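Enquirer: Below are the structure tokens for one structure; questions will follow.
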Amino acid sequence: MLKDNLTKALAPLKLEKVAEGDYAKTGYHLEVAAQPAQMPDVAQAMLAADCFLESFTAVDLVETFDLVYHFASFFELCRTAVHVPLGKKKGMPTISHIYPGADWYEREVFDLFGIHFFNHPNLKRLLLPEDADFHPLLKDFGASQGND
């Protein structure tokens, strides 16, 4: 079973969390928590298990970011969510050299949240104009006092 194989493959990485998910409630068979520096190793393990990067996004939690990677398999129903906490004003290693499709996801997250991806081959705005000086998915974007 892929979930068991992934759990074994991720064990040597000493991640914060590798736990069985409740697929009926969350849509994930495996839930993982990793630190930013561990993400390339996690991505490599997922690729070695024939998983693809289904999606990637960030969530602004006001004080920090939570980066969320979703991996799945074409061969077996097994979805994995990987959460990576990232402080504000910090960057993240790219995984675009492992999953070329991550190039676009990382550019979108950079564009909309302002998160930098180290060693990204083409980190530039994807949706907004190149000269835009804002990131519209930040919680404080457009916020004014008294606006709840």
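The values are calculated or read from the model by the stated rules, or taken from the named source; none is laboratory data. Given the structure is predicted, the values throughout are model-derived calculations rather than measurements. All Cβ positions, even for glycine, are placed from backbone atoms using ideal geometry, and neighbour counts span all protein chains on display. These area figures cover heavy atoms from the full protein model, side chains too; ligands, DNA and RNA do not enter into them. Shrake-Rupley method; radii C 1.70, N 1.55, O 1.52, S 1.80 Å.
Enquirer: Go through the residues of the range 71-87 one by one and say whether even a single one is among the hydroxyl-bearing types (Ser, Thr, Tyr) and over 10 Å from the mean Cα position of the chain (by Cα).
Expert: Of the range 71-87, the ones among the hydroxyl-bearing types (Ser, Thr, Tyr) are 73, 80.
Then drop every residue that is not over 10 Å from the mean Cα position of the chain (by Cα), which leaves 73, 80.
Scanning the range 71-87 turns up at least one residue that is among the hydroxyl-bearing types (Ser, Thr, Tyr) and over 10 Å from the mean Cα position of the chain (by Cα).
Enquirer: A further question follows. For residues that are open to solvent by 30 Å² or more (accessible area, probe 1.4 Å) and in contact with a Gly (Cβ under 7 Å, 6 or more places away or on another chain), scanning just the range 23-45, find the one that is nearest to LEU13 (Cα to Cα).
Expert: Among those that are open to solvent by 30 Å² or more (accessible area, probe 1.4 Å) and in contact with a Gly (Cβ under 7 Å, 6 or more places away or on another chain), it is GLU31.
Enquirer: Looking for something among the basic types (Lys, Arg), over 29 Å from MET1 (Cα atoms) and open to solvent by 40 Å² or more (accessible area, probe 1.4 Å) - is there at least one such residue anywhere in the range 130-144? Working first, answer last.
Expert: Looking only at the range 130-144, we keep the residues that are among the basic types (Lys, Arg), and these are 139.
Keeping just the survivors that are over 29 Å from MET1 (Cα atoms) gives 139.
Within this subset, residues satisfying the condition of being open to solvent by 40 Å² or more (accessible area, probe 1.4 Å) are 139.
Scanning the range 130-144, I find at least one residue that is among the basic types (Lys, Arg), over 29 Å from MET1 (Cα atoms) and open to solvent by 40 Å² or more (accessible area, probe 1.4 Å), so the answer is yes.
Enquirer: Sort out which residues of the range 27-67 are out of contact with any Cys (no Cβ under 8 Å at 6 or more places or on another chain), closer than 17 Å to PRO100 by Cα, not polar (S, T, N, Q) and not in a helix (DSSP H, G or I), and write them in order of number.
Expert: ALA49, ASP50, PHE52, LEU53, GLU54, PHE56
Enquirer: Still on this structure, please answer the following. Take the range 88-122 and flag every residue that is open to solvent by less than 50 Å² (accessible area, probe 1.4 Å) and without any contact (Cβ under 8 Å) to a residue 24 or more places away in the chain.
Expert: Correct list: ASP103, ARG107, PHE110.
Enquirer: Working only within the range 1-20, note down all residues that are open to solvent by less than 40 Å² (accessible area, probe 1.4 Å) and either at pLDDT 95 or above or in contact with a Lys or Arg (Cβ under 8 Å, 6 or more places away or on another chain) (or both). Can you show your working first?
Expert: Here is the first cut: in the range 1-20, the ones open to solvent by less than 40 Å² (accessible area, probe 1.4 Å) are 2-3, 6, 10, 15, 19.
LEU6, LEU10, LEU15, ALA19 - these are the residues of the range 1-20 that are open to solvent by less than 40 Å² (accessible area, probe 1.4 Å) and either at pLDDT 95 or above or in contact with a Lys or Arg (Cβ under 8 Å, 6 or more places away or on another chain) (or both).
Enquirer: Further question on the same structure: Count, please, the residues in the range 111-122 that happen to be closer than 19 Å to PHE141 by Cα and under 12 Å from the mean Cα position of the chain (by Cα). Give the steps one after another, and end with the answer.
Expert: Step one: of the range 111-122, the residues closer than 19 Å to PHE141 by Cα are 111-116.
If we keep only those that are under 12 Å from the mean Cα position of the chain (by Cα) too, we end up with 115.
Here the count works out to 1.
Enquirer: Identify, by number, the condition in (1) surrounded by 12 or more Cβ atoms within 10 Å (Cβ to Cβ); (2) touching a residue at least 40 places away in the same chain (Cβ under 8 Å) that LEU77 doesn't meet.
Expert: (1)
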